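The values are calculated or read from the model by the stated rules, or taken from the named source; none is laboratory data. Everything numeric in this text was worked out from a predicted model, so none of it was measured. Backbone-built Cβ (ideal geometry, glycine too); neighbour counts: all protein chains shown.
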Amino acid sequence: MKPREVRLSTTPTPEEIANLRLGDIVYLDGLLYTAREGVYMRALEDKANIPMELASASAANFHCSPAATIREDGSFDMGAVTATASFRFAKWLPDWMAKTGAKLIIGKGGMSSKDYKAYFVPNGAVYLSTVGYGTGALLGRGVEAVEAVHWHEELGLAQAMWVIRCNRMGPFIVASDLDGNCLFERENAQISKNLDRVYVGTKPAVLKRFGETDDRNDEVIG
Amino acid sequence: MIAIDLIQQTAEQLMDKAAIEIPDDYLTGLQAAAATEEGDLSSFVLQAMLDNYTAAKEDRRAMCGDTGVPRWFVKMGNAAQIEGGMCALETALRRATARATNGVPLRPNRVHPLWRTDHNNNVGIGAPEIEYGFEPEGDWIDLITVHKGGLFGTDYRMLFPSDGIEGIKRFYLDCLVAFGKRGLACQPAIIGIGLGGSKDTCMVLGKRAATLRTVGSRNSDPKIAALEEEFKELGNSIGMGAMGFVGKNMVIDCNIEVGYCHTGGMQMSVHAFCLSSRRAVARLWPDGRVAFRTDPDWFTPYQRRETVDWSPQEQEATA
């Protein structure tokens, strides 16, 4: 069965978010901004004023550093955009969502259903995953314009807050829903059923390591 | 004498090609995978990746926004000479890396590990890495750039002879399952396995097995070649596909390289060269000729030699 395709605004209504199902393919229209550890630390720990109106201008936080440069005349050259793994940002996301009203968290790999239930669902937010990973050129085609880049002098180009106007930017995959379900955990559970069979004919290493698990239902993130 | 300007100019072209053009061997491998994939979501992902490679080439933009950490491998014929010497070569490669970062553009990924200083050009302490290899014949140099992603899919373990093949398989599967979940390894990937050496050289062997060999290549030792086939099938039998979705394509190919190790040990490393398996190669000659290709052809009989003195006949006899 082919996945369902949806066009979505980066300032979506609660109804539009409620309509999303795990595994839907999403294309985005409107403004989105990049924010990752650099922006989170500056805004939440150093209490710097966020240089744009969130969430009225954008409710879509992309965990991304674009392959981009600022030309000498101050204009931007943005080639490819690809997400970075989101689980590393769980420390800041609850405060970030409370402060900015972000409704779409976009990145690589998703979060845990525990995260979704704890602070995505109460904030009416869902997680969109990039595809591949690494459909950077396709996503780059969805960049209509780079509206601004904030804090690049303080944080460097990779950690700066890039504000991107998107036009049918995608594909993204809906990886959480308003019940707090996690697409990746659903797939993990399916795959786990087969693992004992695959591991037949192998044996654990004679030298163990601290913290080692033999439970292959576990994830290495978190 | 190979002109230094030609080296820098060629290196810049290689940076551009590596970031934008998926190598044919990997593309063919992924097309074959897409043709066999049955999982709804993993099929969608593979098709999107194929579309992405086309878009990258059409638009001349990087195929992935995470353009990895650019590094260089330099292979030299024994008679090769560089204008200005080896330090000039290193400067040319650093300049090419910095210029291409702003030119393509690439993501300026390289930062100081503690202070997170970013020069916005992928150059810094120890960056880009430049590694060398030599061949007994020739006055050419091969410039190879690899833009490998940096965070997930790689691990090392000290195994012992008593772990045997069963232990090797266990660690291999552990790596694929651990880093395959949620697609952290950006699979399907070229999996490189290093066996033996010391901890550092084991990592180097595995990384080179992943990045400097092509899809479809086989180790010259027939028994290792058979293991490569077996491990490819094993990885693809997990039931996991792209992004960690249910699927049957995890490993586009598995390449194994070995080095002699301490008699008590059996070091093992696993590396995943991702859906953006970025590498580009050029051979430069003193008369100014440049030939571009995508196969690094790194692991020649000379690189895998076992004897004290270099003897092509003896090497062939042991292979």
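Residues of the range A:33-70 that are more than 10 Å from chain B (Cβ to nearest Cβ), in a loop (DSSP other than H, G, I, E, B) and either within 23 Å of B:N109 (Cβ to Cβ) or of a type in the set (D, E) (or both): A:A35, A:R36, A:D46, A:E53, A:H63.
Does A:I173 satisfy being within 11 Å of chain B (Cβ to nearest Cβ) and in a strand (DSSP E or B)? So that I can check it myself, show each step before the final result.
Numbers: within 11 Å of chain B (Cβ to nearest Cβ): yes; in a strand (DSSP E or B): yes.
Considered against the rule, which asks whether it is within 11 Å of chain B (Cβ to nearest Cβ) and in a strand (DSSP E or B), A:I173 comes out as yes.
Only one entry in A:Y119, A:Y133 is in a helix (DSSP H, G or I) and in contact with a Leu (Cβ under 8 Å, 6 or more places away or on another chain), namely A:Y119. Might you let me know whether the range A:8-19 holds any residue that is touching a residue at least 24 places away in the same chain (Cβ under 8 Å) and closer than 30 Å to B:F152 by Cα? Taking every residue of the range A:8-19 in turn, at least one turns out to be touching a residue at least 24 places away in the same chain (Cβ under 8 Å) and closer than 30 Å to B:F152 by Cα. May I ask you to verify whether B:L27 is within 19 Å of A:Y133 (Cα to Cα), in a helix (DSSP H, G or I), among the aliphatic types (A, V, I, L, M) and within 12 Å of chain A (Cβ to nearest Cβ)? For B:L27, the condition - within 19 Å of A:Y133 (Cα to Cα), in a helix (DSSP H, G or I), among the aliphatic types (A, V, I, L, M) and within 12 Å of chain A (Cβ to nearest Cβ) - is not met. Restricting attention to the range B:61-70, the residues being buried (at least 21 other Cβ atoms within 10 Å of the Cβ) and either farther than 30 Å from A:L139 by Cα or touching a residue at least 60 places away in the same chain (Cβ under 8 Å) (or both) number 6.
Every condition in (1) in contact with a strand residue (DSSP E or B) (Cβ under 7 Å, 6 or more places away or on another chain); (2) surrounded by fewer than 22 Cβ atoms within 10 Å (Cβ to Cβ); (3) modelled with pLDDT of 95 or more; (4) under 24 Å from B:A19 (Cα atoms) holds for B:T154 except the one numbered (3).
Here A:G134 meets the list (1) touching a strand residue (DSSP E or B) at 6+ places or on another chain (Cβ under 7 Å); (2) within 13 Å of chain B (Cβ to nearest Cβ); (3) within 30 Å of B:N122 (Cα to Cα) almost entirely, failing just condition (1). Which of the residues belonging to the range B:51-84 are in contact with a helix residue (DSSP H, G or I) (Cβ under 9 Å, 6 or more places away or on another chain), more than 21 Å from B:N109 (Cβ to Cβ) and more than 10 Å from chain A (Cβ to nearest Cβ)? Hits for the range B:51-84 are B:V74, B:I82, B:E83, B:G84. Among the residues of the range A:71-92, those that are surrounded by fewer than 18 Cβ atoms within 10 Å (Cβ to Cβ) and either part of a loop (DSSP other than H, G, I, E, B) or on the phi > 0 side of the Ramachandran plot (or both) comprise A:R71, A:E72, A:D73, A:G74, A:S75, A:A90, A:K91. Look at (1) of a type outside the set (K, R); (2) more than 10 Å from chain B (Cβ to nearest Cβ); (3) surrounded by 22 or more Cβ atoms within 10 Å (Cβ to Cβ) and you find that A:A148 fails only one, number (3). Among the candidates A:E144, A:E154, the residue that is closer than 30 Å to A:G74 by Cβ and either assigned to a helix (DSSP H, G or I) or touching a helix residue (DSSP H, G or I) at 6+ places or on another chain (Cβ under 6 Å) (or both) is uniquely A:E154. Annotation note: Cβ proximity below 9 Å between a residue of the range A:85-101 that is more than 14 Å from chain B (Cβ to nearest Cβ) and a residue that is of a type in the set (D, E) (sequence gap 6+ or interchain) occurs for A:K91/A:E37; A:W92/A:E37; A:W92/A:E45; A:L93/A:D115; A:P94/A:D115. For B:L106, the criteria (1) in contact with a Ser or Thr (Cβ under 6 Å, 6 or more places away or on another chain); (2) buried (at least 20 other Cβ atoms within 10 Å of the Cβ); (3) farther than 19 Å from A:G132 by Cβ hold in every case but one, which is (3). Every condition in (1) within 25 Å of A:C182 (Cβ to Cβ); (2) surrounded by 14 or more Cβ atoms within 10 Å (Cβ to Cβ) is met by A:E15 except one, and the failing one is (2). Residues in the range A:205-222 that are within 22 Å of the chain's Cα centre (by Cα) and at the interface with another protein chain (Cβ under 8 Å from one of its Cβ atoms) were compared, and the one that is surrounded by the fewest Cβ atoms within 10 Å (Cβ to Cβ) is A:V220. When every residue of the range B:77-95 is checked against the conditions, at least one turns out to be surrounded by fewer than 20 Cβ atoms within 10 Å (Cβ to Cβ), touching an Asp or Glu at 6+ places or on another chain (Cβ under 6 Å) and assigned to a loop (DSSP other than H, G, I, E, B). Return yes or no: is A:T100 at pLDDT below 95, polar (S, T, N, Q) and surrounded by fewer than 23 Cβ atoms within 10 Å (Cβ to Cβ)? The answer is no for A:T100.
The lone criterion from (1) modelled with pLDDT of 95 or more; (2) within 14 Å of chain A (Cβ to nearest Cβ); (3) within 18 Å of the chain's Cα centre (by Cα) left unmet by B:I168 is number (3). Counting only residues that are surrounded by 16 or more Cβ atoms within 10 Å (Cβ to Cβ) and either among the charged types (D, E, K, R) or within 26 Å of B:F245 (Cβ to Cβ) (or both), the range A:22-54 holds 13 of them. Just one of the listed residues (A:G79, A:G110) is under 30 Å from B:S42 (Cβ atoms), at the interface with chain B (Cβ under 10 Å from one of its Cβ atoms) and over 18 Å from the mean Cα position of the chain (by Cα), namely A:G79. Checking the stated criteria, A:T202 turns out to be out of contact with any Pro (no Cβ under 8 Å at 6 or more places or on another chain), without any contact (Cβ under 8 Å) to a residue 12 or more places away in the chain, facing chain B (nearest Cβ under 9 Å) and not in a strand (DSSP E or B).
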